[in-house]
1. Note the distances from B:ILE124 to each other copy's matching label point, with points 7 Å along the Cα-to-beta-carbon direction, in nm, sorted shortest first.
2. Once you place label points 7 Å from the Cα toward the Cβ at A:THR38 and A:ALA52, how far apart are they in nm?
3. Only Cα pairs under 8 Å and at least 6 apart count here; give the relative contact order of chain B as a rounded whole percent.
4. For B:HIS7, A:HIS91, what's the largest-to-smallest order of accessible area, 1.4 Å probe?
5. Length gain on complete extension for the stretch A:GLU89 to A:GLU67, per 0.36 nm per residue less the alpha carbon to alpha carbon distance?
6. What gaps in nm, shortest first, separate B:GLY69 from its twins in the other copies when you place the label 7 Å past Cα toward the beta carbon?
7. Give the long-range amide H neighbours of B:PHE112: residues separated by 5 or more places, or on another chain, with amide H under 5 Å away, using H modelled in the peptide plane at 1.01 Å from N.
8. For chain A, with a Gaussian network of springs between Cα atoms less than 10 Å apart, report the residue from A:ASP85, A:ASP31, A:ASP104 with the top mean-square fluctuation.
Protein chains: 2
Amino acid sequence: MKSFDTHTLLTAHGLRCTRPRVKVAELLFADGQDRHITAEWVADELGKMGEAVALATVYNTLNSFMEAGLLAQINGLEAGRYVFDTNTEPHHHFYNETTGCLTDMPPSALRFYKMPEAPAGTEIVDWQVVVRVR
Amino acid sequence: MKSFDTHTLLTAHGLRCTRPRVKVAELLFADGQDRHITAEWVADELGKMGEAVALATVYNTLNSFMEAGLLAQINGLEAGRYVFDTNTEPHHHFYNETTGCLTDMPPSALRFYKMPEAPAGTEIVDWQVVVRVR
DNA sequence: TATTCATATTAGAATAGTTCTAAATTGTCT
DNA sequence: AGACAATTTAGAACTATTCTAATATGAATA
């Protein structure tokens with residue numbers, strides 16, 4: 001039944017069910033846990049599982065998932081790295097510069113007194129806080 | 001007198017006064033204006049001024065300036081790009097994803113109700129908000 | 001079920017921004 | 001001026017990501 005669930009998840013988000021997408025979706029969403037992931041990690045995991053998918057395809061897949069709203073991108077880490085979050089609810093992170101470890105911030109840790117207003121002619125598409133610790 | 005000012009600025013921050021550093025400091029700090037800059041932009045400007053400095057040196061210089069506290073790094077933009085800010089006071093930015101334009105957020109635009117607390121064993125070294133607009 | 005065709009996959013090349021290397025140069029301290 | 005550590009430099013190397021273009025594959029249709 002697992003593959004059925006993945007199938008409906010993908011089609012419900014307007015994504016064709018290809019083998020790579022199904023495998024990536026199973027890896028990321030099957031257990032319902034929140035994850036911070038990179039393309040490299042996904043490719044490695046699938047490789048270990050004997051379900052190798054080309055790295056370029058993993059990138060395509062993660063970008064498709066993001067556009068479809070299945071993943072969120074985490075900005076503000078090291079330049080040159082894309083990290084995705086399976087938790088697409090707005091929330092914030094601590095980033096340990098020494099260990100590279102990324103953890104969710106408890107929702108209560110940060111609350112805004114006043115929301116920022118976008119400059120004229122633009123609208124806010126995303127914002128998130130990365131608090132860098134050491 | 002300008003070069004004297006730059007000289008004292010550099011030495012006051014523990015930096016040896018080399019030609020590249022003096023030129024970069026003049027470009028960035030002479031007029032007291034706030035700037036968002038990249039290594040490429042600095043190298044181009046110096047080139048136009050007939051004071052060419054190797055790109056690798058510009059990177060070295062900007063990183064030295066940052067460690068010395070003369071510049072701040074802006075995180076949270078496109079992965080793969082380092083942007084520095086001559087305004088080292090804590091403040092936040094709007095980032096226009098379409099135009100690439102980066103603007104300071106008026107201080108009043110965003111206020112925190114509660115500051116986040118670092119995870120045990122770590123201390124906060126930096127945090128900033130990048131609000132992405134379109 | 002066979003056909004069709006837009007969409008997706010893939011390997012490998014290309015790209016972009018940044019850092020590294022190692023040799024030559026240059027500040028600064030005596 | 002002499003000495004030496006720090007800095008500069010050109011170009012190579014590196015890394016993460018995207019592109020290319022040929023091949024394969026879902027899924028809609030007949």
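The values are calculated or read from the model by the stated rules, or taken from the named source; none is laboratory data. Predicted, not measured: the structure shown is a model, and the values here were computed from it. Cβ placement follows ideal geometry from the backbone for every residue including glycine, while neighbour counts extend to all protein chains displayed. These accessible areas exclude ligands, DNA and RNA; they are computed on the full protein's heavy atoms, side chains included. Shrake-Rupley method; radii C 1.70, N 1.55, O 1.52, S 1.80 Å.
1. Result, one decimal in nm: 1.8.
2. Result: 2.1 nm between the two label points.
3. Relative contact order comes out at 20 percent.
4. My answer, sorted largest first, is B:HIS7, A:HIS91.
5. 6.5 nm
6. So the label point of B:GLY69 gives 4.7 nm to the other copies.
7. Sorted by chain and number, the residues that satisfy this are A:TYR113.
8. Answer for the Gaussian network model of chain A: A:ASP31.
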